[in-house]
Amino acid sequence: QVQLVESGGGLVQAGGSLRLSCAASGRTLSSFHMGWFRQAPGKEREFVALLARNDAVTYYKDSVNGRFIISRDNAKNTVYLQMNSLKPEDTAVYYCAARLTGSYRDVSGYGYWGQGTQVTVSS
């Protein structure tokens with residue numbers, strides 16, 4: 001089992017930046033594929049960024065590609081999402097997720113989830 005706790009959300013103006021953190025306990029995150037997902041009010045949860053176990057490959061939702069960066073610090077057992085040039089449409093609850101097996105690109109297989117952190121981008 002792995003427990004995930006997100007932090008770093010908040011209110012920011014359009015064009016600003018935030019860095020979300022996902023701290024893990026119970027297992028070493030280096031063993032997991034990691035992902036950041038988000039859910040806006042009235043919408044389904046969607047993936048934002050994925051990071052393969054070996055850290056060699058990443059995959060981003062088209063609308064955030066070039067603005068967001070997912071990374072991992074194994075020494076701190078933490079995954080990050082650096083969000084730049086934020087837009088009002090990025091407003092959502094952001095969740096960190098992990099999966100131990102299968103393809104990192106298979107978003108349906110992420111079985112470990114944090115509680116989420118709210119990101120609000122004002123125009």
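The values are calculated or read from the model by the stated rules, or taken from the named source; none is laboratory data. Values in this document were obtained by computation on a predicted structure and should not be read as measured data. Note: ideal-geometry Cβ built from the backbone for every residue, glycine included; neighbour counts use all protein chains shown. We work out accessible area using only protein heavy atoms, side chains counted, and drop any ligands, DNA or RNA first. Shrake-Rupley method; radii C 1.70, N 1.55, O 1.52, S 1.80 Å.
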> If you take the residues of the range 1-18 that are under 27 Å from residue 102 (Cα atoms) and aliphatic (A, V, I, L, M), which of them is surrounded by the fewest Cβ atoms within 10 Å (Cβ to Cβ)?
Replying inline: 5
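Having 2 or more residues that are within 14 Å of the chain's Cα centre (by Cα) is the bar; report the strands (runs of 3 or more DSSP E) wholly within the range 1-57 that clear it.
By residue number, 3-7, 18-25, 33-39, 46-51.
Yes or no: residue 79 at pLDDT 95 or above and touching a helix residue (DSSP H, G or I) at 6+ places or on another chain (Cβ under 9 Å)?
Taking the combined requirement at face value, the residue satisfies it.
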> Taking the range 19-37 on its own, how many of its residues are open to solvent by 30 Å² or more (accessible area, probe 1.4 Å) and farther than 16 Å from residue 52 by Cα?
Replying inline: 5
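Going through 63, 85, 71 one at a time, which residue ends up being among the hydroxyl-bearing types (Ser, Thr, Tyr), under 27 Å from residue 11 (Cβ atoms) and assigned to a strand (DSSP E or B)?
Matching residue, one of 63, 85, 71: 71.
Just the residues that are of a type in the set (Phe, Trp, Tyr) and either surrounded by fewer than 21 Cβ atoms within 10 Å (Cβ to Cβ) or in contact with a Leu (Cβ under 6 Å, 6 or more places away or on another chain) (or both), please, taken from the range 95-123.
104, 112, 113
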>> For residue 92, only one of the following conditions fails: (1) more than 17 Å from residue 3 (Cα to Cα); (2) open to solvent by less than 10 Å² (accessible area, probe 1.4 Å); (3) at pLDDT below 95; (4) of a type in the set (A, V, I, L, M, F, W, C). What is its number?
In response: (3)
>> Take residue 78 and tell me if it is at negative phi and surrounded by 13 or more Cβ atoms within 10 Å (Cβ to Cβ).
In response: yes
> Restricted to the range 60-72, and to residues that are over 15 Å from residue 6 (Cβ atoms) and of a type outside the set (Ser, Thr, Tyr), which residue is surrounded by the fewest Cβ atoms within 10 Å (Cβ to Cβ)?
Replying inline: 62
> Tally time: how many residues in the range 46-59 are under 15 Å from residue 95 (Cα atoms) and open to solvent by 30 Å² or more (accessible area, probe 1.4 Å)?
Replying inline: 2
